[in-house]
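The values are calculated or read from the model by the stated rules, or taken from the named source; none is laboratory data. Model, not experiment: these values are computed from the prediction. Here Cβ is always computed from backbone atoms with ideal geometry, including for glycine, and neighbour counts include all displayed protein chains.
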Ligand code: NAP
């Protein structure tokens with residue numbers, strides 16, 4: 001099959017990808033957004049897994065994450081963005097146009113490429129975690145909290161996500177215990193305060209989960225906690241384990257070609273979104289381990305589209 005060549009191909013459909021699409025579409029570049037089916041995370045990105053977004057400018061009463069993404073998607077479509085739902089399996093950046101291969105077999109060629117593939121939840125890598133994933137172990141309170149009505153759960157992590165998940169889970173669970181590996185939280189003051197003020201939230205400090213206990217039929221029954229100071233281990237009964245220990249950027253397809261930093265995030269030439277390969281740009285959580293907000297991802301998407309437009313103009317593509 002002959003592949004079509006597009007001026008701008010955007011991989012990823014979170015706030016970065018969709019904002020890039022709106023800007024590229026308004027520049028008459030007729031962008032194509034490839035949104036993954038299984039790769040890295042949900043279609044529409046991590047925002048679709050949150051409940052209310054309270055800090056996106058312009059929504060004084062807050063907006064549901066899914067509604068925000070739906071709005072961004074429709075906005076980009078209105079100006080001529082097209083979407084395909086497909087998992088990209090290979091990206092060839094050795095020459096222009098770049099070649100993108102997907103599961104469906106429909107190859108696409110791209111004069112410029114914007115990588116907005118986001119990040120996926122980090123895992124603990126301890127015994128029992130994989131076996132009980134989806135059977136009481138989760139990285140998404142919004143998705144799975146409902147199953148823990150009147151049950152006791154633990155949340156691992158000390159950042160904003162952990163506080164958000166813990167507070168959200170108290171809508172269902174009878175008790176939520178946050179397990180943090182230090183005795184000081186990383187979370188912002190307002191998120192800490194919310195969790196501290198909630199009677200259903202308790203904390204265990206200086207501890208990590210060393211093993212998840214349970215069986216495939218009954219789900220999680222407990223965790224083995226390791227004390228970070230003494231090294232002692234104890235069993236702690238719980239019905240569920242929620243992980244909120246950060247994210248890993250989705251760079252599998254390009255990590256051997258593009259430069260990444262020590263944490264695996266794509267390196268861009270600040271203040272632009274240009275990666276190590278001319279014509280390839282990166283935006284959002286895949287290249288940002290500092291801010292990781294919906295609004296900063298959207299801002300980077302805007303920059304990437306403008307960078308792509310200027311690149312095309314300069315290269316007569
Ligand atoms: P994060 O800020 O990187 O925090 C990750 C937490 O997990 C840290 O407390 C870290 O411990 C802990 N951790 C990491 N690896 C671990 C391991 N292997 N075992 C045990 N604990 C581990 O990630 P995040 O909370 O997902 O937040 C990411 C970004 O999104 C931040 O910029 C945050 O502000 C933002 N965010 C904002 C909101 C909001 O404003 N509503 C909500 C969610 C997230 P240490 O502290 O010891 O490193």
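Before moving on, here are some points about what is shown:
- Just one of the listed residues (203, 146, 196) is without any contact (Cβ under 8 Å) to a residue 40 or more places away in the chain, over 18 Å from residue 128 (Cα atoms) and assigned to a strand (DSSP E or B), and it is 203.
- Looking only at the stretch 228-237, and only at residues there that are assigned to a loop (DSSP other than H, G, I, E, B) and away from the ligand (no atom under 16 Å from the Cβ), the one that is surrounded by the fewest Cβ atoms within 10 Å (Cβ to Cβ): 230
- Across the stretch 206-225, the qualifying residues are those that are more than 20 Å from residue 174 (Cα to Cα) and outside any strand (DSSP E or B), and the one among them that is farthest from the ligand (Cβ to nearest atom) is 217.
- Note on the stretch 142-152: among residues that are modelled with pLDDT under 95 and surrounded by fewer than 22 Cβ atoms within 10 Å (Cβ to Cβ), the one that is farthest from the ligand (Cβ to nearest atom) is 147.
- Scope the stretch 294-317; condition surrounded by 15 or more Cβ atoms within 10 Å (Cβ to Cβ) and out of contact with any helix residue (DSSP H, G or I) (no Cβ under 9 Å at 6 or more places or on another chain); matching residues: 307, 311, 312
- Residue in the stretch 198-220 that is modelled with pLDDT of 95 or more, within 30 Å of residue 116 (Cα to Cα) and surrounded by 23 or more Cβ atoms within 10 Å (Cβ to Cβ) present: no
- Which listed residue, of 166, 119, 173, is surrounded by 22 or more Cβ atoms within 10 Å (Cβ to Cβ), in contact with a strand residue (DSSP E or B) (Cβ under 6 Å, 6 or more places away or on another chain) and at pLDDT below 95: 119
- Residue 270 satisfies every condition listed in (1) more than 26 Å from residue 101 (Cβ to Cβ); (2) in a helix (DSSP H, G or I); (3) more than 13 Å from the ligand (Cβ to nearest atom) except (2).
- A single entry from 128, 136, 118 fulfils the requirement of being in contact (Cβ under 8 Å) with a residue 60 or more places away in the chain, within 30 Å of residue 225 (Cβ to Cβ) and within 22 Å of the chain's Cα centre (by Cα): 136.
- Inside the stretch 85-116, residues that are loosely packed, with under 15 Cβ neighbours inside 10 Å and closer than 17 Å to residue 31 by Cα make up a count of 2.
- Among (1) crowded, with 17+ Cβ neighbours inside 10 Å; (2) more than 13 Å from the ligand (Cβ to nearest atom); (3) under 24 Å from the mean Cα position of the chain (by Cα); (4) under 21 Å from residue 129 (Cβ atoms) - the single one residue 249 does not satisfy: (2)
- So residue 39, is it in a loop (DSSP other than H, G, I, E, B) and either modelled with pLDDT of 95 or more or in contact with a strand residue (DSSP E or B) (Cβ under 8 Å, 6 or more places away or on another chain) (or both): yes
- Counted residues, the stretch 273-306 - those being closer than 18 Å to residue 31 by Cβ and in a helix (DSSP H, G or I): 12
- Candidate set from the stretch 184-194 (those that are more than 10 Å from the ligand (Cβ to nearest atom) and over 20 Å from residue 243 (Cβ atoms)); member that is nearest to the chain's Cα centre (by Cα): 189
- The lone exception for residue 76 - which of (1) assigned to a helix (DSSP H, G or I); (2) modelled with pLDDT of 95 or more; (3) under 30 Å from residue 210 (Cα atoms) it fails: (3)
- Filter result (touching a strand residue (DSSP E or B) at 6+ places or on another chain (Cβ under 7 Å) and over 25 Å from residue 45 (Cβ atoms)) within the stretch 142-152: 151, 152
- When residues of the stretch 153-163 are limited to those that are out of contact with any strand residue (DSSP E or B) (no Cβ under 6 Å at 6 or more places or on another chain) and in a helix (DSSP H, G or I), the one farthest from the ligand (Cβ to nearest atom): 163
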